[in-house]
Every structure is written in C-alpha cells, then in structure tokens.
Amino acid sequence: MKLRFGNYYLLVIWRIVLAYLAYMLCRLLFIVFNHSLLEPMTGGQFFRILSGGLMFDTSAIMYTNILYLFLSFLPLPLIRRESVQKCLKGLYVTVNFLATAINLADTVYFRFTLRRTSSTFFTEFAGDVKFFRILAESVTLYWYIFLAGILFLLLFIYFSGSVKHLCKNGFSARNFYLLQCVALAVTAPLFIIGVRGGTSGAMRPITIGNAGDYTDRAIHTAAVLNTPFSLIRTLGKAEYVYRHDFASYEQMEPVFTPMRNMNGESPVNRNHVIEFDSTAKGKNIVILMLESFGAENMSFMNRNLDKCYTPFLDSLRKEGLFCTNAFANGRKSVDAIPSIYASIPSLISSYAVTPYSTDYTFGLPKILDSLGYYTAFFHGAPNTSMGIRAIARLCGIEHYYGKDEFNDNSKFDGSWGIWDEYFLPYVADMLDTLPQPFMAGIFTLSSHHPFKVPAEWEDRLPEGEVPLQKTIAYADAAVKAFFEKIRNSDWFGNTVFVITPDHSTLWGIYPEYTTTIGNTRIPIIYYAPGFIAPGEYHQTTQQLDIMPTLLGMIGYDKPYFAFGRDLNCDTVRRPFAVNYTEGQFQLVYNDTLLFRNDSELTAVYRLPDDALLENNLLEAPFADSLRQSPSLQRQDEFFKAFVQQYVNRLIDNRLSCDEAF
C-alpha cells in the first residue's frame, strides 16, 4: 500500500529521509561486500564511519535533490496540480534511484581501484570501449547487485508517497503562496550548510579528504564516502595545492630531487646489482605490461596458492632478474604508463587524467628517440580506449598499434579488444619489421573484467578461486606462445625485456594482499639472455625505477628527470616505493611503511614483520620517543620532500630537466 500524507511539507521531508535511508543501506552493503578489503574495524570505528557518512550523505542528497526541492517549493499555484505532483515524484524517484545505482555499482568497482569512483571514470571510459556491453556482462556476473538496484527502485516508487487533498481541499492560494515562500527561505540556508558540511565559516566545502576525519585507516574512508559525492566534488577539480614543507626546490635537493645525472656522471662501471657485461647501448628494449598480474595470483610470490596460473612467467623469472619486493605506483591501467615510461607516479588522482598530464616531460621514449630509437606501443583495445594511446603519446611514444591496425574484428572479445592469443602474434610480426634499435611497449588485455576466455580454452585452463585467475592463466599461455615465436627473430638476442603488470587486482582471498600496501605488490622481471645474469633482487623497487634502470643499462649519462631510482647505480637514494590510498600517501622505505596525510605522519609499520598492518607504532607506548628519533625524522623528511617535489612540479609544469632538451 502506497504512503499518503495529509501535509505536503511532511511529504517532502519524508522523501529526503527516505534518501538518507537508501544511502545508509548502500553503505552497509558496501561494507559487507568489501569487508575483506576494508581491513578489520571495531564497533567504535564502525559507528564513527556511519556518523561521518551522514555528513557526506547530506551533501550528496542536497546536490542531487536541489532541482526537486526548488520546484517543490515554488510559490506558484500550478504546483498544487495533480499532474505536476506526479512529475515531481517522477523527478525525485529518478534522481535518487540513479544516485543509489551508482553507489551500488561502486560496491563492486571498489575492489579494482580501492577508492570511491571519481569524475576521472568518465575520461577512463571515453573512446570506443564497449561500455554498455561490459555493463551488461557485469550485471550477469554481479546479478545480486543488479537485484538490489531493482529493490531500491521499488522502494522509491512505493514508499516515496503522495499527498492527500492538496489539489482540491488544501490550503488557500494565498496561504499556499506564503508557505512556499517560507519553505524556500528555510531550504536555501539548509542547502548551503548541507553541501558545505557544516556551519563553521572557517570550513570550506567538504572534499573527499575530509573523510579521513572519521577513520583511523585510509582504506576505511571509502566506507565514509558515497559515490555521488565523490563524482560531484571531483568534477572539473584539481586536487593539487602547493606544499610548503620546504622553502624551495633547492632546499629539497639534498633530501630528494627527481633531477638525475646533473653532474654528467657516467652510470657505467659502478656497483651493479643487475649483472651484465659492458652496457646495453644500442640494444632494443621491450616492455611487456601484463593486465592485472598482481602478486596475489602468482604462485612464485604467493605461497598460499595451491595452483600455478602462470607457469610460463614462473619459468621466465628464473632466467632473468626477478624483483621479489616490487610495487605498482597506481591502481589503474592508465596510471602505469607514466609510471613506467616517464617515472611519474599517480598520487592523489590518476596523473593521466589531471590537467597536468599535458605538462612537458622528457621520459624514456623521448630520450630513446633522441638516440635514434624507433618507439612503438601495442595494445589490442580500440585505439581511443581508456586514454591509453593519449597518455602513451604524451610520454613520447611515436607509433601506436591497436585494434584498428590489427583490422580483424572476428578476433574481438566483445568487450575490451582483441584476444591476447591473436594480438600477440601480430605484435611479434610487427616487431620483425621495425627498424633497430627500437623500444616497444606491449600491453595485454584479456585478464580483465568481465574475466572471459575463449570457449575453446574453457577446459584447458585451471579453475581459479576467483574468475580473474583463469584469465591470467590464459594470458600466460598467450605470452608463452609470443616468446616462442620471437625467439628465432634476429632482434631477440639484442633486446632487453622488462615484464611488469600494470597494477594488481583485489579479491581479498589472502589477508596479506588486502592491506593498502599488500594490494600493490607485483612482480617485475628484467630479462635478456646472455646479457642479464639470472638472479633475484630483494630490496624495495617499483615501476618508477624501470625507466632510470634502463637508462643506466644503456649508459645514458645526460641529465634526465625521474621520480624513481636506478637499481644499479643510485648510491644516494635508498630503495623506496610510493603510492596513494584514500586520502593518504604511503611510502615503503627500507623495512618501514609510513602513512602521511596533508600535514603529518599518521602511521608507521614494520615490514615484513607486520604484513597485516596491525600494529601502528605511532600508537605504541613509545610513540613519542619514536617521533623524535633521528631515523624516523629522516624518513619523514624524505617523505615530505618527495610529495612536495611531486605536487609542486605538477602545478609548476617542471617535469623535465632543462639540460635534457
């Protein structure tokens, strides 16, 4: 039975209350569905998250219902008409159902990004990606979320109610006009307070970062937030503000600087970690980026697995230098391109979709181009998919080969692009035609949501604990066939390969991979038979280190810009890795993991002893003395310098060395 109210204003209030209930139910579903990724929370933390969420829900509800509220309180007689009231109800149901639907969608999408969806989503899905096909397949895979959406729609339709007698026996026209004016006058300041997040004049309108006020763990901020708020507050917004921990770039230079080889010092004949003879000068470079090949799904990194999904990659890592303690510098495919090819991470938001992605850079492709290299990038997706081609070109890659160049739609997987087993042989054939020396980037795609494999492969691959693992096994088989094909090419023996995932993908199967640092662990392999000696590198490394390490290998001695370090030659900077998770920066430095917000250190953990991040040393009895220790202060100084160099240089468009061009 539908609700009917005797008072029009009670009806409007009830509808807003109903929206609050829907948002809160979505939050509870979000927490339940992603409990393995959100890390454990106490009862106190749980209720703190819920109370903080009300502020963000208020802001989102005010933003999304502004038109409904304004029209509802217009001081015009036509508002009393039954037809107009039905239109207002339709507007209310539509707007709030859509807001609820994107909240529910993020319940699933969160596991791929570890953050609430922001406006960058629209840029990432621009182009020729079959979005609606992917959406349809997602509905099949996560049917229970779709069912929840239908239930919410019915909730809004049947419980949003209507008003009795407004049209026939309600207020007089004069009284109705006065009451509408009062309602508008009251609603206006309430709207402003709601969207700002409070009444304090010193407080600017709340942003995503304010969620940190309601949780002690960065990952929990996703539960505090809601997706409509995240989308609205990031539309057209740059989240980068100048940092002032140091007075100038010159003051930061002794602590951390991305300016490399500024003294013209040759990287050759230093203390090499990667053992090789002479230099790789003139050698081809192939960077193979594997979609979603996170450490959790590699049996040679995750000892908990009882199946091997990557037998070829496992064999290959034994023939090259395998980095056992490596990390991705972003959480999306588009983040990996600048990290690998320009040594620029994605902190705060995806670098590729910020206004600063057009800053001038002089990364690996441009440097190699200046040395006479042919530079190319291969990706089997539609050419405008996810902005991959755009950011590859911004990094300086001259030639792009995608689905359009492959030109055989019969091998299209129906969602993202060409199946790996067909696209990689095409890449092999194209590499045979490229002038040497060349640098080629290759990006696989089949191990991607919605996690399908060709029908003829269904019974040939191991079943995984999660759908991703079967597609990883398929991609591994395709990579094996690729290497078997190119081994006989004349350029193979004169090539340095780097194999790395774009990012990890989160399923929360094993606790150590659900933490904010564990879920960025990846394998990185440097492979060049007869040139790089097989072995393992156990110190911390990251995608940012690939560019400077390769430049060190080829003996490049001119100035260049990189946030990473050369594994072979950097005797100044200790091994480290950086990332950003839900409003906080994180730094792995030696055996320490540090978290920092915009103003201070918030957490310190010892790795690998505390892999589950259960013991924040800043909450220990000795926290005060720890904060004063010279060791932690040096680490924090490095941390602050890195963040300030990154943010200020993006804003200032100083992502290159003047001496390099």
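The values are calculated or read from the model by the stated rules, or taken from the named source; none is laboratory data. Just so it is clear, the structure is predicted and the values come from calculations on it, not from any experiment. Glycine also receives a Cβ, built like all others from the backbone with ideal geometry; neighbour counts cover every protein chain displayed. Accessible surface is based on the protein model in full, side chains and every heavy atom, while ligands, DNA and RNA are left aside. Shrake-Rupley method; radii C 1.70, N 1.55, O 1.52, S 1.80 Å.
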β-branched (Val, Ile, Thr), assigned to a strand (DSSP E or B), touching a Phe, Trp or Tyr at 6+ places or on another chain (Cβ under 8 Å) and surrounded by fewer than 23 Cβ atoms within 10 Å (Cβ to Cβ), is that true of ILE532? no
So, of the residues in segment 610-628 that are part of a loop (DSSP other than H, G, I, E, B) and over 17 Å from PHE595 (Cα atoms), which turns out to be most open to solvent (accessible area, probe 1.4 Å)? PRO621
Tally the residues that are closer than 21 Å to PHE112 by Cβ and open to solvent by 10 Å² or more (accessible area, probe 1.4 Å), restricting the search to segment 285-303. 1
Can you tell me how many residues within segment 294-312 are under 11 Å from ARG521 (Cα atoms), outside any helix (DSSP H, G or I) and touching a helix residue (DSSP H, G or I) at 6+ places or on another chain (Cβ under 6 Å)? 2
Anything in segment 273-284 that is open to solvent by 50 Å² or more (accessible area, probe 1.4 Å) and modelled with pLDDT under 65? List them, or say none. VAL273, GLU275, ASP277, SER278
Consider ASN488 against the criteria (1) of a type in the set (S, T, N, Q); (2) under 23 Å from ILE546 (Cβ atoms); (3) open to solvent by 10 Å² or more (accessible area, probe 1.4 Å): it satisfies all of them except one. Which criterion is unmet? (2)
Return the residue satisfying two criteria in turn: it lies in segment 223-261 and is among the charged types (D, E, K, R) and under 18 Å from the mean Cα position of the chain (by Cα), and of such residues it is nearest to HIS35 (Cα to Cα). ARG233
Show the residue pairs that are 6+ apart or on different chains and have beta-carbon atoms under 8 Å apart, the first residue being within segment 18-32 and without any contact (Cβ under 8 Å) to a residue 24 or more places away in the chain, the second being open to solvent by less than 10 Å² (accessible area, probe 1.4 Å) and aliphatic (A, V, I, L, M). none
Does ASP432 satisfy the condition of being part of a helix (DSSP H, G or I) and either in contact with a Cys (Cβ under 8 Å, 6 or more places away or on another chain) or closer than 22 Å to PRO454 by Cβ (or both)? no
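Each row is one residue, and each column tells you yes or no for (1) within 25 Å of the chain's Cα centre (by Cα); (2) of a type outside the set (Phe, Trp, Tyr).
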position	(1), (2)
PHE585	yes, no
GLU614	yes, yes
LEU618	no, yes
ALA641	yes, yes
Just the residues that are open to solvent by 30 Å² or more (accessible area, probe 1.4 Å) and either modelled with pLDDT of 95 or more or within 20 Å of GLN542 (Cα to Cα) (or both), please, taken from segment 590-601. ASN590, ASP591
Just one listed residue, out of PHE377, PHE322, is buried (at least 24 other Cβ atoms within 10 Å of the Cβ), in a strand (DSSP E or B) and in contact with a Phe, Trp or Tyr (Cβ under 6 Å, 6 or more places away or on another chain), and it is PHE377
Options SER83, SER118: the member that is closer than 28 Å to LEU154 by Cα, of a type in the set (S, T, N, Q) and surrounded by fewer than 18 Cβ atoms within 10 Å (Cβ to Cβ): SER83
Please determine whether any residue of segment 387-400 is at pLDDT below 95, closer than 20 Å to SER292 by Cα, in a helix (DSSP H, G or I) and open to solvent by 20 Å² or more (accessible area, probe 1.4 Å). yes
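Rundown of residues vs (1) without any contact (Cβ under 8 Å) to a residue 40 or more places away in the chain; (2) in contact with a Leu (Cβ under 8 Å, 6 or more places away or on another chain), yes/no style:
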residue: GLY282; (1), (2): no, no
residue: SER299; (1), (2): yes, yes
residue: LEU305; (1), (2): yes, no
residue: THR310; (1), (2): no, no
residue: ASN325; (1), (2): no, no
How many residues are open to solvent by 40 Å² or more (accessible area, probe 1.4 Å) and aliphatic (A, V, I, L, M) if we restrict to segment 406-435? 1
What about ILE554, is it over 30 Å from ASN210 (Cα atoms), open to solvent by 10 Å² or more (accessible area, probe 1.4 Å), touching a helix residue (DSSP H, G or I) at 6+ places or on another chain (Cβ under 9 Å) and aliphatic (A, V, I, L, M)? yes
If you take the residues in segment 436-446 that are closer than 27 Å to SER138 by Cα and not hydrophobic (A, V, I, L, M, F, W, C), which one is surrounded by the fewest Cβ atoms within 10 Å (Cβ to Cβ)? SER446
Residues within segment 376-395 that are over 24 Å from PHE492 (Cα atoms) and in contact with a helix residue (DSSP H, G or I) (Cβ under 7 Å, 6 or more places away or on another chain), tallied: 9
Collect the residues in segment 34-91 that are modelled with pLDDT of 90 or more and charged (D, E, K, R), keeping them in residue-number order. ASP57, LYS86, LYS89
Checking the structure you have, find out if any residue of segment 480-498 is part of a loop (DSSP other than H, G, I, E, B), closer than 30 Å to ARG606 by Cα and not aliphatic (A, V, I, L, M). no
Hits in segment 453-487 (condition: modelled with pLDDT under 95 and among the polar types (S, T, N, Q)): GLN469
Out of all the residues in segment 544-560, is one or more in a strand (DSSP E or B) and under 30 Å from PRO450 (Cα atoms)? no
Restricting segment 396-407 to residues that are in contact with a helix residue (DSSP H, G or I) (Cβ under 7 Å, 6 or more places away or on another chain) and of a type outside the set (Val, Ile, Thr), the one nearest to ALA336 (Cα to Cα) turns out to be GLY396
Quick one: which helices (runs of 4 or more DSSP H) sit completely within segment 143-244 and have at least 3 residues that are in contact with a Ser or Thr (Cβ under 7 Å, 6 or more places away or on another chain) and at pLDDT 90 or above? 227-234
Give me the residue from segment 327-374 that is farther than 25 Å from PHE438 by Cβ and among the hydrophobic types (A, V, I, L, M, F, W, C) and, out of that set, most open to solvent (accessible area, probe 1.4 Å). VAL353
